[in-house]
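The block underneath contains the structure these notes are about, expressed in structure tokens.
The values are calculated or read from the model by the stated rules, or taken from the named source; none is laboratory data. In this text, all values refer to a predicted model and were calculated from it rather than measured experimentally. In this analysis, Cβ positions are derived from the backbone assuming ideal geometry, glycine residues included, and neighbour counts consider all displayed protein chains. Side chains are part of the model used for accessible areas, which takes the heavy atoms of the whole protein and leaves out ligands, DNA and RNA. Shrake-Rupley method; radii C 1.70, N 1.55, O 1.52, S 1.80 Å.
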Amino acid sequence: MKQETTSRLVMPSRTPLALIALLLALQLVTPSVVWTILLVGLAITLGLSFAWLHRLATDVSLTRRQRGAWVVAGDALEEMWELVNRGALPVLAAEIVDHSTLPAYTANRVMAAGPSAITAWRTTAICQQRGLFTLGPWDVIMSDPFGLFTLTQHYALTQSILVYPRVVSLPPLELPRGGASGRARATRKALESDLTVASVRPWAPGDSLRRVAWGITAHRDALMVREFDQEPAGNLWIVADLDAAVQVGQGLDGTEEFAIVLAASLAAHWLRRNRAVGIVAFGREPLLLPPQRGEAQLWRILHSLAASDTSPAWPLARTLTAIRSSLGHGITLAVITPTTQADWLPAFLLLQARGVAPAAILLDAASFAEPPAPTPGAATLALRATLARQGITTHLLDRRLARRPLITYRRTRTDLRTLATGRVISRDVVEEV
């Protein structure tokens, strides 16, 4: 990446200049060879110090390089740094000051480099929090051997880093099916691309080769075919409530982060079952991602949710009203919310009356408080009972849900190693994150 560097050479203390002025005055008032020697010596020292750092300003550079093109929450971010000295003067101490915004990540340190030498090191951090952050800018602060001058190199380059939410295993969360055409059942001639895979069984004469599950066939060493449900499932819309007024807790232990992880995980679960999934998350920036199938849709969902943030401008009732025209009939709508209020139910029930199959996933706000409550809050239980009386599928989750990774990703990175001889070798490493 191209470096955008500016250098600034300053004298932190004016004491040497004051000493020169004093020696000049003493030489004028009481001429002495002592004052002359001290004056010449101090002037030479200042000149050498200035020349030293002026040379380093053109000979020294610091580069950084991120390993991997993307990071998932819980994954390790790794950067490689190189302090390059192309000149004949050594870098006695270079203080690196990093201004990255990634939480719990710091690259600040003091390094040195000999004449015509390269000093390389790596920095790592576990990215616990999803979101959009920046790496850089950074400063390199160097001083001459006498500490008379300070050279600051400012690298203005910044690089955005998007930390995707982690997809975790969920408890059984059955959702109403909806229907591709209202509540009518489909015929057996429905396209298989619109059906849900229910199971696999051994191949039998007459089965179409289009139904062969090749991956399972290779694993079991026997020809296996997919069996489909005969009722096509409608699209699934997942709504994450990002109303700032109803969130409880902070950071990783708050309802905002829990709702994002839950939305991503629920989407991954149903996409793996060949369901078309869309996402709604109206926060600081309204997010409406229409339903699609496949792994590419999962990455679109993760990318969109990674930068989502709460806002008081979009209470759940307003969100449900705003998306009404986008939903259509025969779809399943799953709402994830920590709210204990019922002011959003009229908009929710209106969607149900228009043919939407609704489900509510309530986050027990009391379990996200500090200290967390051992039992569900009374307001949340009352809201759940109200939803049940309306025939709405409801699930209640709390902070204690185990968040074990559901999906791991394989990627290749280049690993650099420095041998005892100083030679640097590289190799490709395949890792799972």
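Screening MET1, MET11 for residues that are within 30 Å of ALA307 (Cβ to Cβ) and modelled with pLDDT under 95 leaves exactly one candidate, MET1.
From the list THR30, THR15, THR45, the one residue that fits, being within 24 Å of ALA57 (Cβ to Cβ), open to solvent by 60 Å² or more (accessible area, probe 1.4 Å) and not hydrophobic (A, V, I, L, M, F, W, C), is THR15. The residues on offer are MET142, MET80, and the sole one that is in contact (Cβ under 8 Å) with a residue 60 or more places away in the chain and either of a type in the set (Val, Ile, Thr) or farther than 29 Å from GLY251 by Cα (or both) is MET142. If the Cβ limit is 6 Å and pairs must be 6+ apart or interchain, which residue in the stretch 88-111 that is over 30 Å from GLN129 (Cα atoms) pairs with which residue that is among the polar types (S, T, N, Q)? Listed by first residue and then by second, the contacts come to VAL91/ASN85. Among the residues making up the stretch 282-295, those that are farther than 16 Å from LEU132 by Cα and either open to solvent by less than 60 Å² (accessible area, probe 1.4 Å) or polar (S, T, N, Q) (or both) are PHE282, LEU289, PRO291, GLN292, GLY294.
Okay, residues lined up against (1) part of a strand (DSSP E or B); (2) in contact with a Lys or Arg (Cβ under 6 Å, 6 or more places away or on another chain):
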| residue | (1), (2) |
| --- | --- |
| GLU78 | yes, yes |
| ILE96 | yes, yes |
| ALA112 | yes, no |
| THR123 | yes, no |
| GLN129 | no, no |
| LEU132 | yes, no |
| VAL140 | yes, no |
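Can you report the number of residues in the stretch 296-312 which are open to solvent by 50 Å² or more (accessible area, probe 1.4 Å), more than 18 Å from GLN129 (Cβ to Cβ) and either modelled with pLDDT of 95 or more or of a type outside the set (A, V, I, L, M, F, W, C) (or both)? Going through the stretch 296-312 one residue at a time, the tally reaches 2.
Would you mention how many residues in the stretch 319-349 are part of a helix (DSSP H, G or I) and either touching a residue at least 24 places away in the same chain (Cβ under 8 Å) or touching a Leu at 6+ places or on another chain (Cβ under 7 Å) (or both)? Matching residues across the stretch 319-349 total 12.
Taken together, the criteria place TRP299 among residues that are free of Cβ contacts under 8 Å to residues at least 24 places away in the same chain and among the aromatic types (Phe, Trp, Tyr). In this structure, ALA94 does not qualify as under 25 Å from SER143 (Cα atoms), of a type in the set (Gly, Ala, Ser) and open to solvent by 50 Å² or more (accessible area, probe 1.4 Å).
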